[in-house]
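The values are calculated or read from the model by the stated rules, or taken from the named source; none is laboratory data. Please read all numbers here as calculations on a predicted model, not as lab measurements. Reconstructed Cβ throughout: ideal geometry from the backbone, glycine too, with neighbour counts over all protein chains shown. Note: areas computed on protein heavy atoms with side chains; ligands, DNA, RNA excluded. Shrake-Rupley method; radii C 1.70, N 1.55, O 1.52, S 1.80 Å.
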Amino acid sequence: MSALFNFQSLLTVVLLLICTCAYIRSIFPSILDRNKVGFLGTFWKCARIGERKSPYVAFCCAVMAFSILFWS
């Protein structure tokens, strides 16, 4: 089933996108900082969410990992 139609898969994809963008921005900040508008600006915004809301994102990742491991 596609991640668009399964809510748990959609949340997993969004969390992975946020975490990946935050990690890439911490290693190579110039890649995401030069694209703040348009389609590529979405990745910059995901990186900002991952940086500013990191305790909440980490908690959501832990809950998602627990649910995938024990409830799927």
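Quick notes
- Restricting the chain to chymotrypsin sites (Phe, Trp or Tyr not before Pro) that sit in a DSSP loop and have at most 12 other Cβ atoms within 10 Å of their own Cβ leaves 5, 39.
- Taking all protein chains into account, the per residue accessible area for region 10-72 stands at 73 Å² (1.4 Å probe).
- Karplus 3J(HN,Hα) series, Hz, for region 49-61 with 6.51 cos²θ - 1.76 cosθ + 1.60 (x for Gly, Pro): 4, x, 7, 7, 10, 4, x, 6, 5, 5, 5, 5, 5
- In nm, spacing of pseudo-spin labels at residue 9 and residue 71 (7 Å Cα→C-beta vector): 1.8 nm
- Each Lys or Arg adds one and each Asp or Glu takes one away; over the other residues whose Cβ falls under 12 Å from the Cβ of residue 22, this sums to +4.
- When the charge dipole of the chain is built from unit charges on Cβ atoms (+1 for Lys and Arg, -1 for Asp and Glu) and taken about the Cα centre, the candidate among 31, 9, 20 whose Cα reaches farthest toward its positive end is 31.
- Counting charges near residue 40 (Lys, Arg +1; Asp, Glu -1) among other residues having Cβ under 15 Å from its Cβ returns a value of +4.
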